[in-house]
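Structure record follows, encoded as structure tokens.
Bear in mind that the values in this text are calculations on the coordinates, not laboratory data. Remember, predicted model here, so these are calculated numbers, not experimental data. Cβ atoms come from the backbone with ideal geometry, glycine included; neighbour counts cover every protein chain shown.
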Amino acid sequence: MEIRTPIVAILVLTTLIVIYLRKTRPQLSSSRVFFAFLILAFVNILSEITECYVFVYLGSAYNTLRHGVQNFYIGSLLLCTYTISIYVYSKLTVRRSVSAKVSAIFAIPLIVGIVSLIIGKASYGRTESGFYYNIGSMIKICYAVGFIYLIGMVAGLVIYRSRLRREDFFSLIIGTLIWVFFAGYQYINKGIQVSSIAMMLMALIIFIIIENPKELFERAIPNVKNKDAFTMLLLEKYGNGKLFYIISVIFTGKTSVQTAANRDELYRLQGNVAKIVQDRIDLDGFLSNWNALSFVTSSPEKIEKCMTIVNNYKDDSSNYRLTFTVIDGLKCARDANEALQILTYVSGEYIYKQSAPNLVIDERVIDKMIYRNTIEDVVRDSVKNKAFEVYYQPILSVADGKFSSAEALVRLKRPDSENYISPEDFIPIAEKCGLIQQIDDLVFEKVCSFIAKENLESFGVKTIEVNLSGNEVVDFQAFDRLSRKMEKYHIPPKFINFEITETSYINNDDAFKENVRRLKEMGSTFSMDDFGSGYSNLLEILKMDYILVKMDKEFVWQCLDKDKPDNMKMLQYTINFLKEYGLHILAEGVETMEQAKILIDNGVEYLQGFYYSRPVPEKEYLEFLNAQKGLFEPNMKGE
Ligand code: C2E
Ligand code: CA
Ligand code: CA
């Protein structure tokens with residue numbers, strides 16, 4: 001025995017314990033076991049130091065004391081080995097936690113060791129150089145017990161390694177092998193005691209690679225744990241199968257986190273809410289999605305209190321609103337993955353809402369989510385297989401009575417049927433999951449190749465209208481992507497008129513302006529889509545220098561509503577106002593001859609709607625152009 005090694009080891013362990021406790025409370029069962037290991041290892045090394053002291057400084061008169069500390073050292077060492085094997089088990093088991101039954105079975109060798117310690121008699125020897133060491137048949141039994149645990153751990157790790165992250169597997173196996181090596185070394189070389197080093201290294205390796213509390217926290221929000229930590233907690237909760245609830249506070253109200261200042265505001269808010277909840281009801285906050293802070297509890301009173309805290313939380317300097325959702329863990333989802341999906345769905349749906357009521361997750365919400373997810377899957381597949389089609393809806397120019405333009409509209413077929421998924425359904429989803437750029441790109445590529453291949457100009461077509469999603473235009477690369485395609489197919493940029501919806505310039509930022517400016521410089525033009533639906537800012541329209549305003553079909557229908565003659569005035573006023581600023585006007589949703597007449601009488605210059613043609617595939621569009629009908633003749637062919 002020698003006192004310096006255990007002293008180094010105990011200092012290291014003390015440091016780990018302090019760091020651990022300052023940063024976090026062990027919440028997962030595996031981290032609780034690891035924490036128990038740290039404490040037990042600490043106690044064991046302390047007993048080793050005592051053993052050294054007793055043997056070296058107190059004479060053989062203190063024989064009983066010698067035997068006592070000796071037994072304590074060996075017994076606690078076995079307990080450490082037992083604990084670390086439980087830790088390894090908890091990492092390997094699918095349930096992520098250790099039941100009392102398993103702990104009891106695992107304890108059998110430990111009990112054998114301890115019983116043999118009590119009834120057998122530990123003795124000690126002394127080497128020639130004066131070092132004491134433990135010896136005796138009962139010591140051999142204890143070594144055997146220790147090796148059973150160590151070999152069991154190695155075997156378990158190797159067999160179930162696929163259940164671990166690579167780095168976790170390597171750190172655990174290396175830690176265990178080092179331990180095996182030191183134990184063998186100590187067994188063979190009498191007088192040398194290195195168990196403390198083995199435990200210290202094991203603790204360090206696990207601490208740094210697997211249990212590092214720093215890895216569980218959001219970098220930008222120090223009080224809040226990250227999604228990894230949340231996922232681990234959920235896995236364990238579902239493994240346990242006991243009742244629990246997830247309370248999710250969703251931050252809504254900003255269209256997206258655009259600027260650094262915006263983001264900091266959100267982080268500050270999330271940090272504050274997490275801190276208050278932690279201080280008042282002792283729940284850890286997890287950032288389950290960028291705009292959702294989640295808490296996990298099994299106590300309904302805590303849900304109640306948490307709601308009160310959040311509902312009373314006031315932050316006047318912030319534009320975000322706080323909304324709630326509570327998920328009954330076991331009722332709403334079968335496993336952690338499903339629970340995460342629901343949370344992502346709910347927080348995603350509410351990002352764009354200015355205000356949202358507290359949400360109860362029930363079957364209806366889950367059905368909506370499933371529908372949404374199916375569509376998302378179809379969209380992802382279709383992007384991969386470029387399985388979109390483009391339909392064209394002719395637009396009538398009143399001045400020359402010709403269909404001199406058309407709007408390109410994307411179409412997506414359900415994989416196993418002839419039915420189409422409406423763009424109204426899948427475009428918003430594609431926008432949220434970041435696929436819209438690729439869709440718009442595919443559409444634009446098809447449009448350009450179609451214009452070139454069929455030489456649309458020869459049919460008297462002057463422009464094709466292409467929809468651009470707000471998310472597309474705020475991307476700095478948009479200009480390059482679009483202009484490259486026009487060059488590739490030799491399409492004169494003035495042949496393309498891009499339609500942009502009003503909502504896109506809520507995000508009116510530099511990239512957006514720059515893209516629009518450069519495309520205009522090349523000769524393309526822009527129209528404002530969906531005018532009259534929701535938020536209209538006339539000043540913004542004027543600033544953006546559009547050439548055409550497309551009145552939304554709902555707006556047109558409302559204005560033409562015979563029961564509300566006042567609405568007609570609004571139509572006239574709007575048209576006059578826009579014309580005064582040199583804007584051209586298109587009406588969408590023209591379904592009857594009567595509507596067409598009224599609109600033309602009021603000065604609308606372009607008409608688009610089912611009365612003339614539904615959106616049709618390429619071939620039918622060409623046929624339509626070949627047989628151009630007159631101004632007031634319906635064409636009900638198509639879709
Ligand atoms: P939008 O740009 O307002 O497109 C016009 C919509 O009105 C089209 O719906 C069209 O089929 C429909 N429509 C045209 N005339 C009539 C009519 O007389 N009566 C009625 N009831 N409806 C009419 P669609 O094709 O379902 O597209 C819906 C929306 O999806 C579009 O609205 C547009 O915002 C978006 N979208 C379509 N294609 C694309 C695309 O390639 N890229 C992007 N980013 N969005 C697209
Ligand atoms: Ca459009
Ligand atoms: Ca429109």
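The table below lists the values:
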{"item": "Where a label projected 7 Å from the Cα of Arg4 along Cα→Cβ would reach, residues of the stretch 165-192 with amide N under 19 Å", "result": "186, 190-192"}
{"item": "Nearest-ten-degree value, helix 260-281 long axis tilted from longest Cα axis of the chain", "result": "50 degrees"}
{"item": "Virtual paramagnetic centre 7 Å along Cα→Cβ of Arg334, amide N under 17 Å, in the stretch 147-188", "result": "none"}
{"item": "Antiparallel bridges, percent of DSSP beta bridges restricted to the chain (to nearest 5)", "result": "60 percent"}
{"item": "Rough spin-label spacing in nm, given labels placed 7 Å along Cα→Cβ, for Asp563 and Glu514", "result": "5.1 nm"}
{"item": "Computed lengthening from Leu58 to Tyr160, 0.36 nm per intervening residue step minus Cα-Cα distance", "result": "31.9 nm"}
{"item": "Shape metrics for the chain, restricted to C-alpha atoms - Rg then Dmax, Å", "result": "35.8, 121"}
{"item": "Candidate aspartates and glutamates - alpha carbon under 15 Å from Lys275, same-chain residues fewer than 8 apart omitted", "result": "Glu218, Asp284, Asp315"}
{"item": "Residues whose placed amide H lies under 5 Å from that of His584, excluding near-sequence neighbours", "result": "Leu548, Val549"}
{"item": "Stretch gain in nm, segment Asn189-Ser483, where the contour uses 0.36 nm per residue and the Cα spacing is subtracted", "result": "98.2 nm"}
{"item": "Tensor-based shape of the stretch 144-247 (alpha-carbon gyration tensor, a/c under 1.5 rounded, otherwise prolate or oblate)", "result": "prolate"}
{"item": "Coordinate range along principal axes, alpha carbons of the stretch 217-361, Å, largest first", "result": "41, 30, 28"}
{"item": "Dipole-positive endmost among Phe55, Tyr132, Asn212 within the stretch 4-214 (Cβ charges, Cα centre)", "result": "Asn212"}
{"item": "Rounded FRET efficiency, nearest 0.05, which uses the C-beta distance separating Ala220 from Lys314 and R0 of 22 Å", "result": "0.45"}
{"item": "Calculated from backbone phi, Karplus (6.51, -1.76, 1.60) coupling profile of the stretch 124-129 in Hz, x at Gly/Pro", "result": "9, x, 9, 6, 4, 7"}
{"item": "Net charge contributed by nearby residues that have their C-beta within less than 13 Å of Arg161 (K/R +1, D/E -1)", "result": "+2"}
{"item": "Flagged links, alpha-carbon separation over 30 Å, of Lys413/Lys485; Lys225/Lys384; Lys23/Lys242; Lys227/Lys413; Lys91/Lys432", "result": "Lys225/Lys384; Lys227/Lys413; Lys91/Lys432"}
{"item": "Nearest-ten-degree value, helix 300-312 long axis tilted from longest Cα axis of the chain", "result": "50 degrees"}
{"item": "Simple spin-label estimate for Arg380 and Arg411 in nanometres, 7 Å along Cα-Cβ", "result": "2.7 nm"}
{"item": "Within the stretch 137-164, backbone nitrogen closer than 15 Å to the virtual label 7 Å beyond the Cα of Lys121 toward Cβ", "result": "137-139"}
{"item": "Nonlocal amide H pairs with Phe403, under 5 Å, H built at 1.01 Å", "result": "Ser397"}
{"item": "Degrees between helix 510-522 axis and first principal axis of the chain (Cα, 0 to 90, nearest 10)", "result": "40 degrees"}
{"item": "Pair Lys462, Ala104: separation of 7 Å Cα→Cβ label points (nm)", "result": "8.8 nm"}
